[in-house]
Amino acid sequence: MATRRDFLSLGAMTAAGIAIAPNASAQTAESVKQLKPPAKPVIVTRVTGDNTIQEAYKMLLDGADTLDAVHHVCLGRENDPKDHSVGLGGLPNEEGVVELDSCCMHGPSRSAGSVGGVQNIRNVCQVARKVYEHTSHVMLVGKGAERFAVAVGFPTENLLTEDARKIWMLWKESNSQMDWWGPGMTSPQWKDPYADRPAPKPTIDLHGGPSSQLRPVSPGSGPIPHHPTAEWAETIRARAVTLSRMAADLDIPAANRQFAVEQILWPSTGTIHVSAVNAKGEISGATTTSGLAWKLPGRLGDSPILGAGCYTDQDVGSAGATGSGEENIKVAGAHTIVELMRQGLSPHDAGMETLRRIVRNHNGDMTKIRLLDMQYYIVRKDGAYAGVSLWNTSATGKPRVFAVHDGTYRVEKHAYLLEGTPLDWPPF
Ligand code: GLY
């Protein structure tokens with residue numbers, strides 16, 4: 001007797017006489033159909049500060065499954081208590097509870113899994129995979145996801161490390177008004193927190209054609225420096241000194257104080273996304289995160305949303321995101337990039353066009369765009385790749401970079417849409 005699963009399978013549909021034309025639902029550019037697998041595997045991801053990218057590359061050379069290799073990099077971050085944006089040691093929500101999100105897509109089997117708002121389980125990237133391996137579902141959230149993880153053998157533990165708890169205490173004691181409550185940017189009630197600092201006008205063409213026509217740097221707006229005035233720099237400096245004293249009172253070790261202070265001034269939107277293709281052209285992608293620091297309990301960002309935080313299509317390529325999750329969900333960023341590549345855009349152009357859609361969602365209003373941040377990591381099935389970023393520098397003024405391994409490991413600068421750096425949000 002056929003099971004429900006059998007009945008839903010492609011084989012059953014074919015047996016029932018339902019013809020499925022290849023590529024019936026997608027306009028795949030001829031140039032994309034003709035792409036060949038790369039000569040060597042390619043991995044694109046965030047800089048991890050460990051050896052997992054090199055190890056994952058070796059796994060691919062040795063014939064490992066692409067999702068196993070991708071997850072190897074994710075696991076390195078989830079297991080590192082010093083990475084406060086992912087897994088164990090992730091910064092908590094406003095109530096001091098760590099909630100993790102992850103999703104993944106396995107190109108060869110066209111499988112996808114996702115979990116969101118998971119407490120007490122550190123390796124959520126693997127739990128996301130177990131969802132499709134052990135159930136007929138794609139996405140589980142909250143307590144149900146945690147119970148599922150326990151059922152399939154994951155251990156439970158308190159994910160709030162002492163380091164992360166103290167940083168959360170520093171936020172509680174210093175910034176209880178600096179939170180994610182209040183009208184969102186698209187609400188008529190929203191007020192520009194930097195109204196005293198007029199935003200420059202963008203001169204990028206928001207409705208133009210392919211991104212080859214983009215001018216990535218807006219000459220009219222010019223760079224938007226993070227500390228544009230001496231007064232502002234002094235405000236930040238004074239705030240940092242106060243926070244540093246409070247951090248000392250909370251017994252945050254001297255070596256960790258600067259990081260803790262930065263987390264209060266510029267809450268982490270860390271996250272890691274990994275996309276990879278092997279020499280057979282098999283593709284996988286995964287994203288894992290603890291989400292926005294100090295978020296409201298239950299908040300899901302883009303990382304567990306298939307099509308936003310991660311999207312992989314075996315015919316085309318894979319993409320994923322780190323940065324302002326809410327903005328990325330609204331443009332279905334990873335899916336948009338893959339679909340644009342399907343239509344023939346290069347990884348770079350597909351990424352830049354998706355960034356431009358984020359800018360367009362705010363009608364180019366720089367009072368809002370200067371509060372946003374977004375990076376995409378992209379690989380096409382032939383191994384062409386790109387890292388693109390909304391801004392060329394981070395909130396702390398460092399250049400935006402990503403890691404790539406295509407036989408040689410290196411760190412490259414992101415291509416970017418706007419020159420300058422986002423402002424801290426929420427503001428203090
Ligand atoms: N991009 C990570 C988040 O918004 O949660």
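The values are calculated or read from the model by the stated rules, or taken from the named source; none is laboratory data. Predicted model, so just to flag it, every value in this text is computed and none were measured. Cβ placement follows ideal geometry from the backbone for every residue including glycine, while neighbour counts extend to all protein chains displayed.
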Checklist line | Close pairs from segment 251-266: first surrounded by 15 or more Cβ atoms within 10 Å (Cβ to Cβ), partner hydroxyl-bearing (Ser, Thr, Tyr) and part of a loop (DSSP other than H, G, I, E, B), Cβ under 7 Å, at least 6 apart | finding: 262/396; 266/396
Next item on the list: Sort through 329, 378, 337, 358 and tell me the only one that's more than 17 Å from residue 306 (Cβ to Cβ) and either in contact with a helix residue (DSSP H, G or I) (Cβ under 7 Å, 6 or more places away or on another chain) or within 16 Å of the ligand (Cβ to nearest atom) (or both).
Entry: 358
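Please work out if residue 129 is without any contact (Cβ under 8 Å) to a residue 12 or more places away in the chain and charged (D, E, K, R).
Values: without any contact (Cβ under 8 Å) to a residue 12 or more places away in the chain: no; charged (D, E, K, R): yes.
No: the conditions fail for residue 129.
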Notebook entry, point to check: Residue check, residue 315 against (1) within 9 Å of the ligand (Cβ to nearest atom); (2) out of contact with any Leu (no Cβ under 9 Å at 6 or more places or on another chain); (3) at pLDDT 95 or above, all met but one. Which one?
Noted result: (1)
Next item on the list: Go through (1) surrounded by fewer than 23 Cβ atoms within 10 Å (Cβ to Cβ); (2) touching a residue at least 60 places away in the same chain (Cβ under 8 Å); (3) of a type outside the set (Lys, Arg) and name the single condition residue 111 misses.
Entry: (2)
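Please give the helices (runs of 4 or more DSSP H) falling wholly within segment 23-95 in which 1 or more residues are β-branched (Val, Ile, Thr) and farther than 30 Å from residue 344 by Cα.
Numbers: elements: 30-33, 52-61, 66-78.
Ranges flagged: 52-61.
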